[in-house]
Amino acid sequence: MAQYFTLHPDNPQLRLIKQAAAVLHGGGVAAIPTDSSYALVCHLDDKAAVQRLRQIRQVDERHHLTLLCSDLSELGNYARVDNRQYRLIRACTPGPYTFILEATKEVPRRVSHPSRKTIGVRVPQNAVAHSLLVEMAQPLLATTLILPGDDHALNDAAEIRDRLEHQVDLVLDAGPCPSEPTTVVDLCGAAPVVIRIGRGPLEALGLPALQ
């Protein structure tokens, strides 16, 4: 049975954030709010938790998972970022963007893309997610909470608990958040390539908005 914490969306209670971090450090999988939709998260280095996360989403190792980072200072430890890439990322973060970058050796091979050795990286602009990442003192591995057979990401914590109470260990309820996923941008080539258009506007990337 999943634990269920109700947090203030702007000033989350530190006591509950500490308890949530303890669940994740102990190998748990949690559903947390972000600035785009709810996400499933787990400890980066916990192999069993990563497998559970993939099983809930029913995705294989070719599906990009994302590192949620508290700020840009963590990027260099997990992704190779040159000056051009860094300037673009800095202009769009924190915010609803996921950037595909070359993974460093600090990223376990099982969570990077098996053929490209890349990883998605994101700095969310959400008080609950940010507070949890600060308390963890390291990135969390995440994937958008779109369940098999659904067309849209979940954004209601009560519904998430009803549907996943026997599959996740914790649900953080900070009220509804947007149900639109992040905009995904591949920065591994000479120019940015938009993989998925989501909540993040293309104008912030220096790209024209689609008509």
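The values are calculated or read from the model by the stated rules, or taken from the named source; none is laboratory data. This structure is a prediction, so every number in the text was calculated from the model and none was measured. We place every Cβ from the backbone using ideal geometry, glycine too, and count neighbours over all the protein chains shown. For the accessible areas, the whole protein counts, side chains as well, though only heavy atoms, and no ligand, DNA or RNA atoms are used. Shrake-Rupley method; radii C 1.70, N 1.55, O 1.52, S 1.80 Å.
Within the range 161-186, count every residue that is modelled with pLDDT under 95, part of a loop (DSSP other than H, G, I, E, B) and in contact with a strand residue (DSSP E or B) (Cβ under 7 Å, 6 or more places away or on another chain).
Within the range 161-186, residues that are modelled with pLDDT under 95, part of a loop (DSSP other than H, G, I, E, B) and in contact with a strand residue (DSSP E or B) (Cβ under 7 Å, 6 or more places away or on another chain) number 2.
Quick one: in the range 124-166, of everything that is closer than 16 Å to residue 3 by Cα and small (Gly, Ala, Ser), which residue is least open to solvent (accessible area, probe 1.4 Å)?
Only one residue fits best here, namely 157.
Can you tell me which residues in the range 82-103 are in contact (Cβ under 8 Å) with a residue 24 or more places away in the chain and more than 18 Å from the chain's Cα centre (by Cα)?
Within the range 82-103, 85, 88, 91 meet the criteria.
Taking residue 61, is it of a type in the set (Asp, Glu) and under 30 Å from residue 166 (Cβ atoms)?
Yes; evaluated as a whole, the condition is true for this residue.
Open to solvent by 20 Å² or more (accessible area, probe 1.4 Å), more than 17 Å from the chain's Cα centre (by Cα) and not hydroxyl-bearing (Ser, Thr, Tyr): does that describe residue 58?
Answer is no for this residue.
When the range 65-122 is examined, which residues are found to be in contact with a Ser or Thr (Cβ under 7 Å, 6 or more places away or on another chain), basic (Lys, Arg) and either surrounded by 18 or more Cβ atoms within 10 Å (Cβ to Cβ) or assigned to a helix (DSSP H, G or I) (or both)?
Scanning the range 65-122 gives a single hit, 122.
Which residue is surrounded by the fewest Cβ atoms within 10 Å (Cβ to Cβ), if the candidates are limited to the range 22-41 and must be under 23 Å from residue 199 (Cα atoms) and of a type outside the set (Ser, Thr, Tyr)?
The qualifying residue surrounded by the fewest Cβ atoms within 10 Å (Cβ to Cβ) is 35.
Scan the range 38-54 residue by residue and report those that are assigned to a loop (DSSP other than H, G, I, E, B) and closer than 19 Å to residue 17 by Cα.
38, 44
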